[in-house]
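Participant: My structure is below; once you've seen it, I'll send some questions.
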Amino acid sequence: MDWLSNLIGADWARAVGQLVGINVGFVVVLMIVAYTVLAERRVLGFIQGRLGPNRVGPGGLFQPFADLLKFIFKEEITPSASTRFIYFLAPIIAITAALMPIIVYPFGPEVSLPFIGKFHLVIARFDIALLYVLGITSVGVYGVALAGWSSNSKYSLMGGLRAASQLISYELSLGLSLVGVVLISGTLDLYSIVEQQGGWFGLRWNIWDVTRAPQVIGFITYLISAIAETNRVPFDLPEAETELVAGFHTEYSALKFALFFMAEYVNMFTVSMLATTLFLGGWQGPFVDVFPLLGIVWFLLKVSFFLFLYIWLRGTLPRFRFDQLMNFGWKFLLPVALFNVVLTATILFFRWR
Amino acid sequence: MFTIPLFVLFGAMAIGCAVALVAQRNPLYSAISLIGVFVSLACIYLTLQAPFIAAIQVIVYAGAIMVLVVFVIMLLNVEEEVRRPVRLHYLIPVGVLLAAVLIGEAAFMLKLGSAARIEPLPPQASDVGLTASIGTGMFTKYLLPFEVTSVLILMALVGAITLARQTRSPLLAAPGNVAEEPPVLDAGSDVLIQPGETAATGRAFAQQQIEQGEAAAAPVTEGREGGV
C-alpha cells in the first residue's frame with residue numbers, strides 16, 4: 001500500500017483499501033449465498049429422493065442466475081392497503097442488517113501480496129467487533145417486524161409478530177452463549193480471538209480447549225439459537241406455510257422478495273462465520289504457517305460445514321409448535337447458556353489462582 | 001481528517017430524525033425516526049472514540065427498547081392522530097418567550113461568558129471509551145453505583161410484574177392474588193367454572209367482555225364526537 005499512500009496520503013489510502021475490501025467482500029458473499037441456495041435445493045433433492053434443479057448449465061450450475069433474472073422480470077406488486085414507505089423500507093433494512101456484519105470476520109492470517117504489501121485478511125478490525133455483530137443483528141428484527149405490519153394482511157402480521165418475538169427471545173441465549181468465549185479470550189476483537197486458538201493441531205480451538213475452559217455447552221447453545229435466529233427449520237415458524245402462507249413476506253414479490261430471501265441466506269452465512277470464528281478456530285488449520293493463503297480455504301471449509309448442517313437439518317426435522325418454541329428458548333436454552341457463563345467463570349477463577 | 005464530514009453527516013441525520021419524530025402524526029413513523037436518532041448518535045459516539053458506548057446504544061436502545069415500542073404500536077394498531085384545533089392560547093407566546101430565553105442563555109454561555117475564554121484541550125489519544133477500560137472502571141472504582149443501579153432496575157422489574165399479575169381472571173392470577181372468592185362467571189348455567197376448564201371459561205369470559213365492552217364503548221364514542 002506504500003505507493004498508494006505516497007500518491008494520495010495515508011488516510012485516503014486506508015479508506016480506499018477498506019472500500020475495495022468491503023465491495024469485494026460483498027460480491028464474494030453474495031456469490032457464495034447464491035450457490036448456497038443452489039446447494040440447498042440439490043441436497044434437499046437428494047435427501048428427499050429426487051434430483052433437484054439440474055437443467056441450467058452443467059449440473060444446474062447456472063441456476064442462481066436464472067433465478068435472479070426471473071426475480072428481476074417478475075411483476076412488482078404493491079398492495080393498495082399497505083403503508084407504502086415502510087413497505088419499501090422493510091426489505092432494505094433486512095438486507096442491510098444482514099450484510100453489514102460480514103466486514104468484521106477475519107478469513108485469513110497476515111499475508112503479503114505483490115504491489116499491496118503486508119496486511120491482515122480482515123476487512124475491518126476494531127475493539128468491539130463482537131458487540132458490533134450483535135448490535136447489527138438486533139436491528140435486523142425491524143426488517144421482518146415492519147414488513148409484517150406494513151403489508152396490512154393478517155398472515156403477514158402474524159408472521160411478522162412471530163418472527164420478531166422469536167428473534168428477541170433467542171437473541172438473549174445467543175448473546176449469553178458467546179460470553180464464555182469472551183471470558184476465556186479476554187477481548188472482543190475477532191482477529192485476536194482467532195489468533196489465540198492457534199497451534200496444537202486444532203486442540204486449542206475454543207470448543208475443546210482444555211488448557212482454558214472447553215466451550216462445548218456454549219457451542220451447542222449458540223448453534224441452536226443461531227438456527228432460531230435465522231428462522232430456519234426446525235424454528236421456521238414465521239414462514240410456516242401450512243398456517244401463514246409465507247409469513248411476513250407474503251405480500252412481497254419480485255426483487256423485494258428476493259431481498260428478503262437473500263437476507264435469510266446471508267444471515268445463515270454470517271452466523272456460520274461467527275460459529276467458525278469463535279468456536280472452531282477461524283482460519284487456523286494445518287500448514288497455515290507455511291502458506292498463509294491456505295487460511296482462506298480452511299475458513300471456507302469450516303463455514304460450509306455449518307451451511308451443510310443447516311440444509312441437512314431442513315431435510316430431516318419437522319417444525320416446532322409456537323409454544324414449544326418459546327418454552328424451549330426461555331425455560332431451557334437461556335438457563336443452560338447462563339449455566340455455561342457461571343461454569344466458565346468458575347473454571348477460569350480457579351485456573352488463574 | 002474524516003471526522004468533521006462524518007460529524008456533519010450524522011449530526012444532520014440525528015437532527016432530521018428528531019424533527020421528524022416530533023412532526024410525524026403516525027406513531028410508527030415516529031418510532032422509526034427515533035431509531036434513526038439512536039443510530040446516528042451511535043455513529044457520533046464512534047467518531048468520538050467511544051466504540052463500546054456506541055455498540056451498547058444500538059443494542060439496548062435500537063435493538064431492545066424500540067423493538068418493544070414498535071411491537072406495542074403494531075399490536076394496538078394505533079391509527080394516525082387526528083389533527084385537532086390548537087387549544088394552547090396564551091401558552092404559545094410563553095413558549096416562544098422561554099425558547100428565546102434559552103437560546104439567549106446558551107449564546108451568552110458560549111460567546112460572552114467565562115466558558116468562551118477557556119482554551120479547548122489539544123486532541124489526544126484516549127482509551128476511556130474502549131471496552132477494557134470501561135469494564136475495569138465499572139467493576140473497581142464505580143462498583144457501588146453500578147450495583148445500586150442494578151438493584152433499582154430490578155425493583156422496577158419486580159414492581160411491573162407485581163402490577164401485571166393483579167388480575168381478576170382466574171386463569172392468569174397468581175395463587176395469592178385472586179380475590180377471596182373466585183368470581184362466578186355466569187355462562188347461562190349455574191355451574192361454577194373452575195380454573196383449568198379452558199373452553200367453558202373462555203366462552204363465559206367472552207360473553208362478559210362483550211357486555212362490558214358495549215357498556216364501556218358508548219360514552220367514549222359520545223366524547224369523541226363532542227371533542228371534534
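The values are calculated or read from the model by the stated rules, or taken from the named source; none is laboratory data. Not measured: the values here are computed from a predicted model. We place every Cβ from the backbone using ideal geometry, glycine too, and count neighbours over all the protein chains shown.
Participant: Of all residues being more than 19 Å from A:PHE308 (Cα to Cα) and either modelled with pLDDT of 90 or more or out of contact with any helix residue (DSSP H, G or I) (no Cβ under 6 Å at 6 or more places or on another chain) (or both) in the stretch A:34-68, which is surrounded by the fewest Cβ atoms within 10 Å (Cβ to Cβ)? Just the residue, please.
Facilitator: Out of the qualifying residues, it is A:PRO58.
Participant: Could I ask something else about it? Out of the stretch A:118-152, which residues are among the polar types (S, T, N, Q) and away from every other protein chain (no Cβ under 11 Å)?
Facilitator: Answer for the stretch A:118-152, where residues must be among the polar types (S, T, N, Q) and away from every other protein chain (no Cβ under 11 Å): just A:SER151.
Participant: Related question: Looking only at residues that are touching a residue at least 12 places away in the same chain (Cβ under 8 Å) and surrounded by fewer than 21 Cβ atoms within 10 Å (Cβ to Cβ) in the stretch B:46-65, which one is nearest to the other protein chains (Cβ to nearest Cβ)?
Facilitator: Filtering first and then ranking leaves B:PHE52.
Participant: Right, here's the next one. Can you tell me which of A:PHE71, A:PHE115, A:PHE85, A:PHE107 is at pLDDT below 90 and within 14 Å of another protein chain (Cβ to nearest Cβ)?
Facilitator: A:PHE85
Participant: Return yes when A:GLY295 is over 30 Å from A:GLU75 (Cβ atoms), touching a strand residue (DSSP E or B) at 6+ places or on another chain (Cβ under 7 Å) and surrounded by 18 or more Cβ atoms within 10 Å (Cβ to Cβ) and no when it is not.
Facilitator: yes
Let's see how each residue does on (1) charged (D, E, K, R); (2) surrounded by 11 or more Cβ atoms within 10 Å (Cβ to Cβ); (3) at pLDDT 80 or above:
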site	(1), (2), (3)
B:VAL86	no, no, no
B:LYS111	yes, no, no
B:ALA125	no, no, no
B:TYR142	no, yes, yes
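Participant: What are the pairs with Cβ atoms under 6 angstrom where one residue, in the stretch B:28-45, is over 13 Å from B:ILE59 (Cα atoms) and the other, located anywhere, is of a type in the set (Gly, Ala, Ser) and surrounded by 20 or more Cβ atoms within 10 Å (Cβ to Cβ)? Sequence gap at least six, or different chains.
Facilitator: Partner pairs satisfying both residue conditions: B:TYR45/B:ALA54.
Participant: I want to confirm something. Restricting to the stretch A:148-166 and keeping residues that are closer than 16 Å to A:ALA81 by Cβ and crowded, with 24+ Cβ neighbours inside 10 Å, which single residue is nearest to the chain's Cα centre (by Cα)?
Facilitator: A:GLY160
Participant: Kindly indicate which of B:ALA42, B:ALA20 is among the aliphatic types (A, V, I, L, M), over 30 Å from A:LEU172 (Cα atoms) and surrounded by 12 or more Cβ atoms within 10 Å (Cβ to Cβ).
Facilitator: B:ALA20
Participant: A further question follows. Restricting to the stretch A:272-285, give me the number of residues that are touching a Pro at 6+ places or on another chain (Cβ under 9 Å) and closer than 18 Å to A:TYR222 by Cα.
Facilitator: Matching residues across the stretch A:272-285 total 4.
Participant: Same structure, new question: Just to verify a result, which residue in the stretch A:242-257, among those that are of a type outside the set (A, V, I, L, M) and modelled with pLDDT of 80 or more, is surrounded by the fewest Cβ atoms within 10 Å (Cβ to Cβ)?
Facilitator: Top of the filtered list is A:SER253.
Participant: If I filter the stretch A:200-219 down to residues being assigned to a loop (DSSP other than H, G, I, E, B) and without any contact (Cβ under 8 Å) to a residue 12 or more places away in the chain, which single residue comes out as nearest to the chain's Cα centre (by Cα)?
Facilitator: Of everything passing the filter in the stretch A:200-219, A:PRO214 is nearest to the chain's Cα centre (by Cα).
Participant: Counting only residues that are in contact with a Leu (Cβ under 8 Å, 6 or more places away or on another chain) and without any contact (Cβ under 8 Å) to a residue 12 or more places away in the chain, how many does the stretch A:322-349 have?
Facilitator: So the answer is 0.
Participant: Okay, next question. Restricting to the stretch A:155-198, name every residue that is more than 14 Å from chain B (Cβ to nearest Cβ) and acidic (Asp, Glu).
Facilitator: Once the filter is applied, which keeps residues that are more than 14 Å from chain B (Cβ to nearest Cβ) and acidic (Asp, Glu), the stretch A:155-198 yields only A:GLU195.
Participant: Whether any residue in the stretch A:11-33 is loosely packed, with under 13 Cβ neighbours inside 10 Å, of a type outside the set (A, V, I, L, M) and under 23 Å from the mean Cα position of the chain (by Cα) is what I want to check.
Facilitator: The answer is yes, given that some residue of the stretch A:11-33 is loosely packed, with under 13 Cβ neighbours inside 10 Å, of a type outside the set (A, V, I, L, M) and under 23 Å from the mean Cα position of the chain (by Cα).
Participant: Return yes when A:LYS302 is among the charged types (D, E, K, R) and buried (at least 16 other Cβ atoms within 10 Å of the Cβ) and no when it is not.
Facilitator: Yes; evaluated as a whole, the condition is true for this residue.
Participant: Next question. Note down all Cβ pairs under 9 Å where the first residue falls in the stretch A:24-48 and is hydroxyl-bearing (Ser, Thr, Tyr), the second is assigned to a helix (DSSP H, G or I), and they're at least six residues apart or on different chains.
Facilitator: That search, which allows pairs on different chains as well, returns A:TYR35/A:PRO64; A:THR36/A:TYR265; A:THR36/A:MET268; A:THR36/A:PHE269; A:THR36/A:SER304; A:THR36/A:LEU307; A:THR36/A:TYR310; A:THR36/A:ILE311.
Participant: Taking the stated definitions as given, is B:VAL37 within 11 Å of chain A (Cβ to nearest Cβ) and under 23 Å from A:THR137 (Cβ atoms)?
Facilitator: The answer is no for B:VAL37.
Listed here are the residues, each with its yes/no results for (1) assigned to a loop (DSSP other than H, G, I, E, B); (2) within 28 Å of A:MET158 (Cα to Cα).
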{"site": "A:THR242", "(1), (2)": "no, yes"}
{"site": "A:LYS256", "(1), (2)": "no, yes"}
{"site": "A:LEU259", "(1), (2)": "no, yes"}
{"site": "A:ALA263", "(1), (2)": "no, yes"}
{"site": "A:ASN267", "(1), (2)": "no, yes"}
{"site": "A:GLY282", "(1), (2)": "yes, no"}
{"site": "A:PHE291", "(1), (2)": "yes, no"}
{"site": "A:LYS302", "(1), (2)": "no, no"}
{"site": "A:ILE311", "(1), (2)": "no, yes"}
